[in-house]
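*Asks:* Below: one structure in structure tokens.
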Amino acid sequence: MKPGKATTGKSITAGGAGKFYEEPIDPYLPGVGNRGYRVSRYELDLTYKVASNRLAGKATVTAATTQARTKFAFDLSQSLAVSKVSVNGTRAAKYAHQNGKLTVTPAQKIPSGGALSVTVQYAGTPKPVRGPWGEVGWEELSEGAIVASQPNGAASWFPCDDHPSSKASYQISITTDSPYHVVANGALVRKQVRASHTTWVYEQSEPMASYLATVQIGPYERRRVATNTPVVMHAVLPQRLRTRFDHDFARQPEMMETFIRLFGPYPFADYTVVVTDDELEIPVEAQGISVFGANHCDGRRGSERLVAHELAHQWFGNSLTLGAWRHIWLHEGFACYAEWLWSENSGGPTAREIAAQVHRTQSGLPYDLVLGDPGPTLMFDDRVYKRGALTVHALRTELGDDNFFALLHEWTAKYRYGTVTTEDFTDLAAHYSDRSLRPLWDGWLVGRTLPALRDV
């Protein structure tokens, strides 16, 4: 699915009764995403009370219409109650909020290509969105909050077009109790203390998918962790974890330099690692930010491969974002392979050695997964990560290092801040090989059986 195509789709007359059924934008998440407009910007003005887990917000969504419609819909959890909606400056607009959809009816029909500015006031107790992959979205911590929205949790805290192909700029303003530190995507452009409350305003200018938007609130301190790297890097964490962090994440600046050399320029202005005071099962990616749990600071660098994985997502997932969830291997396969590349470039086992070991393990697992279209149930299966990385390694073997890394540089440059598909990647890769890569793609992306590795 190319950029922008998620806003169009087929309408099918049902039963001749004049009713229309629209095919899902993404069959992996059939209830998510909306048609008729393309968002260019979100402005979120939020107030959060930590003790009571109470969120109040005003969201202004700026978009251009792609179809002439009488109604427009946004994804928004039923945990949040809407109190007022306005469209293009009108004092009020009709709306309905049911089944996770906020449907807005402007006073006048807006033509295709028209300006659409919708302001929504809402409040409630934010809760994660439940789904086949667990709970995602806004979640309470022991002291504070964490937002981890992949794949459909953004609607747990603001009205949005919650599909990864819908990328926009953001301004996120959060007012909360002054003892707490707040992190959101982008640059901190303003911080204002008023008695017992502090307002933090962040500006994310590069286009961002809604699931990558985040707010992290906790009893944290913030400091710069590297001064001699090409990218400004910060750590935000509880003071008690500082010593362990300094050891466990010490090689992160070297990791950044390695990935810039292998993948191309880092796509954002800076990079922040947040470590929560709570334990987390897995780290969390967001645009320009990675979030780890206290358990990932063990004083033994036990999670360093995950540090590499989350950093790599800034290229593969955040700057280059899949156009539909069936292309998930473009995120996780490349991020997993980045773990192997870091090992190879930091004195550990080579990618070839790791690939051989992983291939042996994968060969003993069920062959019921198609990597290029794993289906919604399996899209976060560990085999997508591991077989995805094996696919990248197989391509590297086929192309040779010079062509392979030249391909990665062009891939990250050509689609910087854009939306990508498997077809985009395979088409680009074809320019780096004198022979057809179709057998490689058919074996690794289409077939269920695990192909052999040529170099092991």
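The values are calculated or read from the model by the stated rules, or taken from the named source; none is laboratory data. Quantities reported herein were computed from a predicted structural model and do not represent experimental measurements. Cβ coordinates were reconstructed from backbone atoms using ideal geometry, including for glycine residues, and neighbour counts include every protein chain displayed.
*Asks:* For region 347-368, check the following and say yes or no: at least one residue is among the aliphatic types (A, V, I, L, M), surrounded by 14 or more Cβ atoms within 10 Å (Cβ to Cβ), touching a helix residue (DSSP H, G or I) at 6+ places or on another chain (Cβ under 7 Å) and not in a helix (DSSP H, G or I). It would help to see each step written out before you state the result.
*Replies:* Narrowing region 347-368 to residues among the aliphatic types (A, V, I, L, M): 351, 354-356, 358, 365.
From what's left, surrounded by 14 or more Cβ atoms within 10 Å (Cβ to Cβ): 351, 354-356, 358, 365.
Imposing the further condition that a residue be touching a helix residue (DSSP H, G or I) at 6+ places or on another chain (Cβ under 7 Å) reduces the set to 351, 354-355, 358, 365.
After this cut, where a residue has to be not in a helix (DSSP H, G or I) as well, the list is 365.
Among the residues of region 347-368, at least one is among the aliphatic types (A, V, I, L, M), surrounded by 14 or more Cβ atoms within 10 Å (Cβ to Cβ), touching a helix residue (DSSP H, G or I) at 6+ places or on another chain (Cβ under 7 Å) and not in a helix (DSSP H, G or I), which makes the answer yes.
Condition check ((1) over 19 Å from P207 (Cα atoms); (2) among the hydrophobic types (A, V, I, L, M, F, W, C); (3) in contact (Cβ under 8 Å) with a residue 60 or more places away in the chain) across all residues:
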{"residue": "R242", "(1), (2), (3)": "yes, no, no"}
{"residue": "F268", "(1), (2), (3)": "no, yes, yes"}
{"residue": "H296", "(1), (2), (3)": "yes, no, no"}
{"residue": "A312", "(1), (2), (3)": "no, yes, no"}
{"residue": "T321", "(1), (2), (3)": "no, no, yes"}
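*Asks:* I've got another one for you. Tell me which residues, restricted to region 115-130, are surrounded by 15 or more Cβ atoms within 10 Å (Cβ to Cβ), more than 30 Å from T70 (Cα to Cα) and touching a residue at least 40 places away in the same chain (Cβ under 8 Å).
*Replies:* The one that is surrounded by 15 or more Cβ atoms within 10 Å (Cβ to Cβ), more than 30 Å from T70 (Cα to Cα) and touching a residue at least 40 places away in the same chain (Cβ under 8 Å): K127.
*Asks:* Please work out which residue is farthest from G186 (Cα to Cα), limiting yourself to region 341-358 and to residues that are among the hydrophobic types (A, V, I, L, M, F, W, C) and in contact with an Asp or Glu (Cβ under 9 Å, 6 or more places away or on another chain).
*Replies:* Initially, region 341-358 is screened for residues among the hydrophobic types (A, V, I, L, M, F, W, C), giving 341-342, 351, 354-356, 358.
Among the residues that remain, those that are also in contact with an Asp or Glu (Cβ under 9 Å, 6 or more places away or on another chain) are: 342, 351, 354-356.
On the way: W342: 26, A351: 33, I354: 35, A355: 35, A356: 39 Å.
So, considering only residues that are among the hydrophobic types (A, V, I, L, M, F, W, C) and in contact with an Asp or Glu (Cβ under 9 Å, 6 or more places away or on another chain), the one farthest from G186 (Cα to Cα) is A356.
*Asks:* Now for a different question. For D162, work out the one condition from (1) of a type in the set (D, E, K, R); (2) touching a Phe, Trp or Tyr at 6+ places or on another chain (Cβ under 9 Å); (3) in a strand (DSSP E or B) it doesn't fulfil.
*Replies:* (3)
*Asks:* Please go through region 72-90 and pick out each residue that is farther than 17 Å from E43 by Cα and touching a Pro at 6+ places or on another chain (Cβ under 8 Å).
*Replies:* So in region 72-90, the residues farther than 17 Å from E43 by Cα come out as 72-73, 77-81, 83, 90.
Within region 72-90, F72, S77, S79, L80, T90 meet the criteria.
*Asks:* If I ask for residues that are surrounded by fewer than 20 Cβ atoms within 10 Å (Cβ to Cβ), out of contact with any Asp or Glu (no Cβ under 7 Å at 6 or more places or on another chain) and of a type in the set (A, V, I, L, M, F, W, C), which ones from region 263-296 would you list?
*Replies:* The answer is A269, L280, I282.
*Asks:* Can I ask one more? Restricting attention to region 182-204, and to residues there that are at pLDDT 95 or above and charged (D, E, K, R), which single residue is nearest to Y170 (Cα to Cα)?
*Replies:* Out of the qualifying residues, it is E203.
*Asks:* Related question: If only one of L450, L371, L428 is in contact with a Phe, Trp or Tyr (Cβ under 7 Å, 6 or more places away or on another chain), surrounded by 14 or more Cβ atoms within 10 Å (Cβ to Cβ) and without any contact (Cβ under 8 Å) to a residue 40 or more places away in the chain, which one is it?
*Replies:* Working: L450 fails: without any contact (Cβ under 8 Å) to a residue 40 or more places away in the chain; L371 fails: without any contact (Cβ under 8 Å) to a residue 40 or more places away in the chain.
One residue alone meets the criteria, L428.
*Asks:* Condition test on A394, is it small (G, A, S), surrounded by fewer than 20 Cβ atoms within 10 Å (Cβ to Cβ) and either in a helix (DSSP H, G or I) or modelled with pLDDT of 95 or more (or both)? Write out each step before concluding.
*Replies:* Values: small (G, A, S): yes; surrounded by fewer than 20 Cβ atoms within 10 Å (Cβ to Cβ): no; either in a helix (DSSP H, G or I) or modelled with pLDDT of 95 or more (or both): yes.
No.
*Asks:* Does A294 meet the test of being aliphatic (A, V, I, L, M), more than 18 Å from the chain's Cα centre (by Cα) and outside the structural domain of R251 (by TED's automatic domain parsing)?
*Replies:* Numbers: aliphatic (A, V, I, L, M): yes; more than 18 Å from the chain's Cα centre (by Cα): yes; outside the structural domain of R251 (by TED's automatic domain parsing): no.
Against the criterion (aliphatic (A, V, I, L, M), more than 18 Å from the chain's Cα centre (by Cα) and outside the structural domain of R251 (by TED's automatic domain parsing)), A294 does not qualify.
*Asks:* Which condition number in (1) within 24 Å of G302 (Cβ to Cβ); (2) buried (at least 21 other Cβ atoms within 10 Å of the Cβ) is the one that H234 fails?
*Replies:* (2)
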